[in-house]
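First comes the structure, then the notes that go with it.
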Amino acid sequence: MAGVGGSVRCYTCSPSSSFFLRKAPSPVRFRLKFRFRFRINALFGDWGLGNRKNSLSFSSTHQHQFTFSLTDTDTVRVSVLSSISDVPAKEWDACAVDASGPHSFNPFLSHAFLSALEHSASAVRETGWMPHHIVAKDQANNILAVVPLYLKTHSYGEFVFDHSWANAYHSYGYKYYPKLQSCVPFTPVTGSRILLRNTSFKDQIFDIVVSAMKDLTVNSQLSSLHITFPSENEWLKLTQKGFLPRIGMQYHWKNRDYKNFDDFLKDMKQSKRKNIRQERKKISAQNLIMKRLRGHEIKARHWDSFYTFYRNTTDNKWGTPHLTREFFHELGSKMGDNVLLVVAEEGDELVAGALNLIGGDTLFGRLWGCLPRSYYPSLHFEACYYQAIEAAIELNLRKVEAGAQGEHKIQRGYLPVTTYSCHYLIDEEFRGAIQDFLEREASQVKLVIKLLHESGPFKEGIV
């Protein structure tokens, strides 16, 4: 591993690298070896987030339903639903709020956000995301838990990378896809995945739901079940239930009770503080005006412009967009003041934008883009990071989550934090090999986080 003063290197495998150095004589006798040559941002980067053409060919028309005993007299019925529209929004959101707590509300787990993905044809069967949402009910038909779950034929839009695992299965004639994935599509945001009502027996419901998802995986003859970006508490519980634990890394900004942006800058090292001020001066020097719009302030023309910006980013970076134009309009309509759109104007023209969602104690930065064939120095940093910090201070939010990737975020005040995922693989031989890889990967991730914190942008003593 190179010193932190230069670029940090993490020795792990890339999604395009071979899982095996050579073919073993049989599918059940092999040794996994990995190539360790890739920079840290390759591990956590957006690998190939763009193939929406790999639609589901797996047939899953059967209505899955499981019944479990809660007590000697009470049972819990767990069903699999093909659309979030089959769950009343009020009841889904009650589960989401109970799971996170009202002060830590996660907008991505709301019925509004998840239904916008489905209704806009962004996360649907045709794009390789077949909804298989879990709903647990008691005998009186009260909803006790819900889980956002999808049957997938690819690994795009997940931000936890298992492409090499799929390649390994394929090399031995096994089918890795379809697989089950519990997550928020296209969204690397940590939050509860098993959304439980706050009952006295919620721990038992958790166990029942996990058992139902495992049974669904086995009964459907699938390779695996993945739960990505769960809460740390869920991650620990699932690890005890046979899931393989995995960790990753993101960059978050922490609000240390700052009164304003200058107050935040006082905590930075002198060189970093100077650099940020110079970058911010470039915005006014280019005659750009920054605005933060919420709720009714965001008009249809803003969403149409932002979709152009988004397409410019996907065309240059990924090749194919995940989200449709309709998604953004529906998001604005359904989520109101939970949406914060940062825009940059040059004269009367919108030239760039950054999409954020506002949670109970967190500002979530999600997407960014600008006009095609345009370049405005430092505008990306201003729109995505500095405006987000200002908004978080203004709204008295605890942190800013700026999404996946980005060592460049560190010098702008965003520090690395651990993210989590859990993986339940049916085949024991592959499971053992992947477990070995994940253990080695975890040691590298922990070391990288430690080194990046030690070389951070803040003055000594600021944590």
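Extension gain, Asn287 to Ala442: 0.36 nm times the residue separation minus the Cα-Cα distance gives 51.2 nm. With the convex hull of the Cα atoms taken as the outline of the stretch 192-289, the averaged projected area works out to 11.9 nm². Note on the chain: helix-only mean residue ellipticity at 222 nm, from DSSP H runs of 4+ residues weighted -39500 (n - 2.57) and normalised by residue number, equals -9500 deg cm²/dmol. On a per residue basis, the convex hull of the C-alpha atoms belonging to the stretch 329-453 measures out at 183 Å³. Shape analysis of the stretch 256-397 yields a ratio of the Cα radius of gyration to the Kirkwood radius, Rg/Rh, of 0.97. Entry note, the stretch 256-397: relative contact order of 29 percent, from Cα contacts under 8 Å with a spacing of 6+ residues.
With all protein chains present, how much of the accessible area of the stretch 236-331 (probe radius 1.4 Å) comes from carbon and sulfur, to the nearest whole percent? Carbon with sulfur: 47 percent of the solvent-accessible area. Ignoring lysines fewer than eight residues from Lys237 along the same chain, the ones with Cα atoms less than 23 angstrom from its Cα are Lys137, Lys179, Lys202, Lys214, Lys446.
Full extension of the segment from Lys241 to Lys202, taken as 0.36 nm per residue of separation minus the current Cα-Cα distance, would add 12.4 nm.
The residues of the stretch 256-397 have, on average, 46 Å² of accessible surface per residue, using a 1.4 Å probe with all protein chains present.
Restricting attention to the stretch 256-397, lysine pairs at least eight places apart or on different chains and with alpha-carbon atoms under 20 angstrom apart total 14. Please work out whether the stretch 423-463 counts as rounded, prolate or oblate from its C-alpha gyration tensor, where a ≥ b ≥ c are the square roots of the eigenvalues and a/c under 1.5 means rounded, while otherwise a/b larger than b/c means prolate and anything else oblate? Here the stretch 423-463 falls in the prolate category. Under 12 Å from a point 7 Å along the Cα-to-Cβ line of Ala121: which residues of the stretch 309-335 have their amide N that close? In the stretch 309-335, the label zone of Ala121 (backbone N under 12 Å from the point 7 Å along Cα→Cβ) covers 324-327. Each Lys and Arg contributes +1 and each Asp and Glu -1, all at the Cβ; summed about the Cα centre of the chain, the dipole is approximately 1700 debye. Set the Cα radius of gyration of the chain against 2.2 N^0.38 Å, with N its number of residues, and you get 0.99. What separates the Cα centres of the stretch 211-282 and the stretch 435-463 is a distance of 13 Å. Stretched out straight at 0.36 nm per residue, the stretch from Ser171 to Phe261 would grow longer than its current Cα-Cα span by 27.1 nm. Normalised by the number of residues in the stretch 370-463, the mean separation of alpha-carbon contacts (under 8 Å, six or more apart) gives a relative contact order of 30 percent.
Between Asn142 and Gln65, the simple spin-label model (points 7 angstrom out along Cα→Cβ) gives 2.1 nm. The alpha carbons of the stretch 201-241 occupy a box of 28, 23, 14 Å along the principal axes, longest dimension given first. Helices assigned as whole DSSP H runs in the chain whose Cα atoms extend at least 24 Å along their own long axis and whose mean Kyte-Doolittle hydropathy is -0.5 or higher are found at 202-219, 428-454. Using the Cβ-Cβ distance between Asp72 and His103 with R0 set to 22 Å, the FRET efficiency from 1/(1 + (r/R0)^6) comes to roughly 0.05.
The trypsin sites (Lys or Arg not before Pro) of the stretch 358-440 that DSSP puts in a loop, and whose beta carbon has at most 14 other beta carbons within 10 Å, are Arg373. Restricting the GluC sites (Glu not before Pro) of the stretch 426-463 to loop positions (DSSP other than H, G, I, E, B) with no more than 16 neighbouring Cβ atoms within 10 Å leaves Glu460.
Relative contact order for the chain: 19 percent, from Cα pairs under 8 Å spaced at least 6 residues apart, divided by residue count.
Each 5 Å bin, from zero up to the one with the longest distance, holds this percent of the alpha carbon pairs of the stretch 391-462: 3, 11, 17, 18, 16, 11, 9, 7, 4, 2, 0. Run down the aspartates and glutamates and flag those whose C-alpha is under 17 Å from the C-alpha of Lys459, throwing out any fewer than 8 positions away in its chain. Reachable aspartates and glutamates: Asp257, Asp262, Asp263, Asp267.
The values are calculated or read from the model by the stated rules, or taken from the named source; none is laboratory data. These numbers were taken from a predicted model, which means no experiment stands behind them. No Cβ is skipped: glycine too gets one built from the backbone with ideal geometry, and neighbour counts run over all protein chains shown. Surface areas here come from the heavy atoms of the whole protein model, side chains and all, with no ligands, DNA or RNA. Shrake-Rupley method; radii C 1.70, N 1.55, O 1.52, S 1.80 Å.
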